[in-house]
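Step one of this worksheet: look at the structure below.
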Ligand code: ADP
Ligand code: ADP
């Protein structure tokens, strides 16, 4: 479960005046349950790739399949964590985390108890009624993670989730992510420009280059985690 298969993917941005090929001839697989990081220089197409897999962008050609089915826009099988947290400022921590559960047929009580489980998991107990502006950057990102985890996506897509945090915080969240991920059984696609972070967290690292369409556009590196 949570197998991602990318074949001959191409994405061209076209604003009428200018065409930018962000991704071309990109093919690779991520196994279910694998923690895969995507690294590469700014502009190589990492964010574009992540948002294509999320279903926020449409591919120009090629295909993205999850467990054998082509994706069709965003879906609850995939959850996205953003660098800038994307929390609702006017909602409390609890309301931010229950928000994603509203259209899933849970009762209000079920939503709260599900949310509480992930709030606790993210060490946010006691902050349920606080607003995002009252929290530190690291706490906001933990709310973002709790919100996404609460609806239990098979695939977690993260775009530089720790990019706005200072180094000590970054390292403590990396360790926290390793801890929870071990229990969750999810596929993770983790975009970062930080190679050390990628190697520390991942089973595999996909290295992208700024040469879309050449044979060297992506190289998959398997890390021995034993
Ligand atoms: P990365 O995340 O690796 O920095 P991006 O996916 O953001 O790379 O960008 C890949 C390429 O696509 C870059 O050349 C970038 O300028 C271009 N690009 C990204 N988003 C857009 C957009 N909305 N419109 C036009 N070009 C874009
Ligand atoms: P990152 O390197 O983290 O992807 P960027 O600064 O490259 O961040 O991009 C930030 C935002 O700007 C993204 O939403 C991306 O789609 C958009 N963007 C990037 N390049 C372009 C571009 N050439 N034209 C329009 N939008 C762009």
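In degrees from 0 to 90, rounded to the nearest 10, what is the angle of the helix 167-184 Cα long axis to the longest principal axis of the chain?
The angle comes out at about 90 degrees.
When Rg is the radius of gyration of the Cα atoms in the stretch 18-140 and Rh is its Kirkwood radius, what does Rg/Rh come to?
On the way: Rg = 17.7 Å, Rh = 17.2 Å.
Rg/Rh for the stretch 18-140 comes to 1.03.
Under the Kirkwood approximation for Rh and a Cα-based Rg, what ratio Rg/Rh is obtained for the chain? Intermediate values should be presented prior to the final figure.
Working: Rg = 17.6 Å, Rh = 18.1 Å.
Across the chain, the Cα-based Rg/Rh ratio is 0.97.
Please report how far the C-alpha centroid of the stretch 146-219 lies from that of the stretch 64-138, rounded to the nearest whole angstrom.
Centre-to-centre distance over Cα atoms comes out at 18 Å.
Let me have the 222 nm mean residue ellipticity of the chain computed from DSSP H runs of 4+ only, each contributing -39500 (n - 2.57), with the sum over all residues rounded to the nearest 500. Walk me through the intermediate numbers first.
Numbers: 6 runs with 69 residues, N = 226.
The helix contribution divided over the chain gives -9500 deg cm²/dmol.
As I understand it, the value is the acute angle between the Cα axis of helix 108-121 and the longest principal axis of the Cα atoms of the chain; what does it come to in degrees, rounded to 10?
In the chain, helix 108-121 runs at an angle near 70 degrees to the longest axis.
Extent of the stretch 123-177 along each principal axis, from alpha carbon coordinates, in Å, largest to smallest?
30, 27, 17
Can you bin the stretch 135-206 into rounded, prolate or oblate? Criterion: square roots of the alpha carbon gyration tensor eigenvalues sorted a ≥ b ≥ c, rounded for a/c under 1.5, prolate for a/b above b/c, oblate for the rest.
On the way: a/c = 1.63, a/b = 1.04, b/c = 1.56.
It is oblate, given that a/c is not under 1.5 and a/b is not larger than b/c.
How far is helix 137-150 tilted off the main Cα axis of the chain, in degrees rounded to 10, range 0 to 90?
80 degrees
Rounded, prolate or oblate: which one fits the stretch 71-178, using the alpha carbon gyration tensor with axes a ≥ b ≥ c (rounded when a/c is under 1.5, else prolate when a/b beats b/c, else oblate)?
Numbers: a/c = 1.73, a/b = 1.20, b/c = 1.45.
Here the stretch 71-178 falls in the oblate category.
Hey, any idea what the orientation-averaged projected area of the convex hull of the stretch 1-48's Cα atoms comes to, in nm²?
Details: hull surface 16.2 nm².
So the Cα hull casts an average projection of 4.1 nm².
Readers should treat all values here as calculations from the given coordinates under stated rules, not as data from a laboratory. What you see is a predicted model, and the numbers here were worked out from it, not measured in a lab.
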